[in-house]
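Okay, so here's the structure we're looking at.
The values are calculated or read from the model by the stated rules, or taken from the named source; none is laboratory data. What you see is a predicted model, and the numbers here were worked out from it, not measured in a lab. FYI the Cβ positions are ideal-geometry reconstructions off the backbone, even for glycines, and counts take in every protein chain you see.
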Amino acid sequence: MADTKRNNPAKNEIRFFLDDEVITVKDIDPTRTILQYLREDLRYTGTKEGCAEGDCGACTVVLGELAGDDTLNLRAVNSCIQFLPTLDGKRLFTVESLSGPGGPLHPVQKAMVECHGSQCGFCTPGFVMSLFALYKSQQNPTRKDIDDALAGNLCRCTGYRPIIDAAQKMYTYQTASAKWLTHPFRHEAKPSEEEQQIIDKLKSLRRECSLEITYNGTRFFIPNSMQVLIQLAETYPDAHFLAGGTDVGLWVTKQLRELDCIIYIGNVDELKKIAVTQDHIEIGAAVTLTDAMPILLEHYPELEELFIRFASPPIRNAGTLGGNIANGSPIGDSMPALMTLGTTIVLRTARSSREVELDQFYIDYQKNDRRPGEVLERIRVPLPKPNTHIRSYKVSKRFDQDISAVCGAYCMRLEEDRVASIKISYGGLAAIPKRATICEQALLKKSWNEASVQTAMASLDRDFQPITDMRASSHYRSTIARNLLYKFYLETSGFDQNQTRVYDYGR
Ligand SMILES: Cc1cc2nc3c(=O)[nH]c(=O)nc-3n(C[C@H](O)[C@H](O)[C@H](O)COP(=O)(O)OP(=O)(O)OC[C@H]3O[C@@H](n4cnc5c(N)ncnc54)[C@H](O)[C@@H]3O)c2cc1C
Ligand code: FES
Ligand code: FES
């Protein structure tokens with residue numbers, strides 16, 4: 001019986017919890033967003049639409065999901081770019097979940113009121129949900145944690161000071177009669193009774209089989225194992241894979257593309273694993289950026305600024321490292337750093353598996369070496385080697401939640417004062433993220449000093465002839481590329497790093 005269930009996918013019906021109720025949705029357009037469903041079908045209009053592209057945070061909701069060890073993750077995501085079927089098996093919290101009209105306020109809401117954190121109120125539900133996710137995940141957030149938690153929420157009238165005050169004070173309000181989850185829980189030894197109930201309910205929604213949704217010619221598959229995934233990929237070699245949807249969602253909401261076949265990889269447990277072997281960190285292709293960051297930073301703390309400046313928590317909670325790599329944007333932020341570290345990726349079909357150097361993967365603009373039907377299975381990042389200097393710098397117009405004009409990454413091993421090995425990669429200078437091989441050659445075996453670095457900086461013009469676009473001019477990009485290399489030199493030659501950074505880690 002169980003085998004029959006496993007082999008025959010469930011069809012055209014998703015189930016999730018909204019508050020305490022199981023919602024079953026049938027006959028859905030699989031590229032309808034959670035936001036559209038909430039506002040237009042359920043008339044849950046507390047959640048707002050601002051940009052419809054993950055940038056403003058007005059649509060922030062919180063998703064409850066079981067982690068591998070059956071603990072509960074409550075994470076903010078942007079409902080405007082999440083497709084509805086990805087809710088299957090999860091629990092959705094909206095601003096209405098925290099308190100109904102006239103009802104007692106959740107501590108987060110009370111803090112916003114008391115601290116005057118809202119004026120026109122358009123952004124407020126989004127801020128409340130981001131703060132709710134913070135409230136449920138950290139008990140004593142620092143100012144840096146609060147700034148990061150709010151990096152994806154824009155407010156054009158209140159100003160951020162009162163909202164930050166609310167974030168600092170929300171833990172002090174007691175509103176035991178409010179509807180949901182008023183106790184911070186993540187640092188307690190075990191979940192509260194209320195959270196345990198949520199965990200049990202989520203377990204009851206687990207599927208033993210895959211799911212298939214067909215609607216007006218669009219097919220949407222949710223495989224629940226690697227085996228089913230690679231078979232689907234072989235059967236539908238032109239299908240679009242969907243991981244966190246933070247790129248794919250915008251194809252629909254902004255480019256108005258119609259996608260006729262989608263395979264969602266977010267329910268494949270094998271792709272959500274992280275392992276540290278003797279010489280590598282192995283990250284499954286469906287691991288979110290939020291989950292991949294801590295293990296990468298444990299081994300490469302130098303990359304903290306890069307990751308904290310990668311989009312915003314709601315984007316990092318949904319988006320994956322695998323999606324960033326597979327999407328292959330010339331301004332994708334993870335690839336320059338991963339290339340310099342010597343990262344490889346594993347591509348898998350139903351019949352074979354191959355490992356490719358990341359710096360050989362990209363061929364041309366939006367073209368890579370992934371063959372039809374191949375799934376990106378995992379990312380293999382070598383563990384750090386002794387005497388190696390690593391940095392990655394992102395230059396963009398804003399500190400938070402902005403796309404790079406240029407992103408530079410450097411990994412160098414010195415012997416005495418000579419460059420024994422060096423890898424340099426840039427995003428934003430070519431049609432693909434790319435190594436600066438001529439510049440690397442100019443430095444190899446040379447003394448690491450001002451003269452050789454200046455020569456290497458000049459040679460970058462032979463590696464890259466960047467274009468001018470709305471983000472930056474060609475001249476600006478070339479200048480920045482040279483200056484970032486110089487910054488790397490300064491920071492690895494005893495120069496005080498505080499003078500080369502805008503970000504104060506101590507705040
Ligand atoms: C507001 C906003 C801010 C952003 N900021 C940044 C930023 O600061 N830096 C940055 O680099 N990017 C940024 N992005 C882009 C995006 O978040 C990242 O590229 C993210 O890593 C994509 O991951 P995903 O899981 O959402 O991918 P998806 O959108 O699900 O997929 C992206 C692509 O990868 C393919 N794909 C996914 N998984 C696989 C797989 N296993 N095998 C084969 N193909 C696969 C998909 O078919 C698709 O072509 C931002 C996006 C938004 C909306
Ligand atoms: S509507 Fe702006 S982030 Fe979703
Ligand atoms: S209160 Fe008006 S946009 Fe924030």
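Residue count for the stretch 314-327 satisfying the condition of being out of contact with any helix residue (DSSP H, G or I) (no Cβ under 6 Å at 6 or more places or on another chain) and buried (at least 19 other Cβ atoms within 10 Å of the Cβ): 8. Condition check for C157 on (1) farther than 26 Å from I403 by Cα; (2) outside any helix (DSSP H, G or I): one failure, at (1).
Residue-wise test of (1) under 23 Å from the mean Cα position of the chain (by Cα); (2) crowded, with 19+ Cβ neighbours inside 10 Å.
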{"position": "E21", "(1), (2)": "no, no"}
{"position": "E40", "(1), (2)": "no, no"}
{"position": "C59", "(1), (2)": "yes, yes"}
{"position": "L63", "(1), (2)": "yes, yes"}
{"position": "A67", "(1), (2)": "yes, no"}
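Considering every residue within the stretch 131-148, establish whether at least one is of a type in the set (A, V, I, L, M, F, W, C), within 16 Å of ligand 1 (Cβ to nearest atom) and under 23 Å from E96 (Cα atoms). Taking every residue of the stretch 131-148 in turn, none turns out to be of a type in the set (A, V, I, L, M, F, W, C), within 16 Å of ligand 1 (Cβ to nearest atom) and under 23 Å from E96 (Cα atoms).
When the stretch 234-259 is examined, which residues are found to be assigned to a strand (DSSP E or B) and in contact (Cβ under 8 Å) with a residue 24 or more places away in the chain? Can you show your working first?
Taking the stretch 234-259 first, the residues assigned to a strand (DSSP E or B) are 240-242.
Once the filter is applied, which keeps residues that are assigned to a strand (DSSP E or B) and in contact (Cβ under 8 Å) with a residue 24 or more places away in the chain, the stretch 234-259 yields F241, L242.
Of A58, A52, all but one fail to be within 15 Å of ligand 2 (Cβ to nearest atom), under 11 Å from G126 (Cβ atoms) and either in contact with a Lys or Arg (Cβ under 8 Å, 6 or more places away or on another chain) or in contact (Cβ under 8 Å) with a residue 60 or more places away in the chain (or both); the exception is A58.
Quick one: L429 ticks every box in (1) surrounded by fewer than 20 Cβ atoms within 10 Å (Cβ to Cβ); (2) in contact with a Gly (Cβ under 9 Å, 6 or more places away or on another chain) except a single one, so which number is it? If we test L429 against (1) surrounded by fewer than 20 Cβ atoms within 10 Å (Cβ to Cβ); (2) in contact with a Gly (Cβ under 9 Å, 6 or more places away or on another chain), just (1) comes out false.
With respect to (1) in a helix (DSSP H, G or I); (2) without any contact (Cβ under 8 Å) to a residue 40 or more places away in the chain, the lone exception for T290 is condition (2).
W251 satisfies every condition listed in (1) surrounded by 13 or more Cβ atoms within 10 Å (Cβ to Cβ); (2) away from ligand 1 (no atom under 11 Å from the Cβ) except (2). Taken over the stretch 216-229, residues that are surrounded by fewer than 22 Cβ atoms within 10 Å (Cβ to Cβ) and touching a Ser or Thr at 6+ places or on another chain (Cβ under 9 Å) amount to 4. Screening the candidates V406, V419 for the property of being more than 24 Å from T277 (Cα to Cα), in the same structural domain as S452 (by TED's automatic domain parsing) and more than 13 Å from ligand 1 (Cβ to nearest atom) yields one hit, V419. Against the test of being at pLDDT 95 or above, under 22 Å from V77 (Cβ atoms) and assigned to a strand (DSSP E or B), the options I281, I263 yield a single qualifying residue, I263. Of all the listed residues (F495, F464, F488), the sole one being crowded, with 16+ Cβ neighbours inside 10 Å, farther than 30 Å from E53 by Cα and out of contact with any Leu (no Cβ under 7 Å at 6 or more places or on another chain) is F488.
The single condition among (1) more than 16 Å from ligand 3 (Cβ to nearest atom); (2) surrounded by fewer than 14 Cβ atoms within 10 Å (Cβ to Cβ); (3) not aliphatic (A, V, I, L, M) that D147 does not satisfy is (2).
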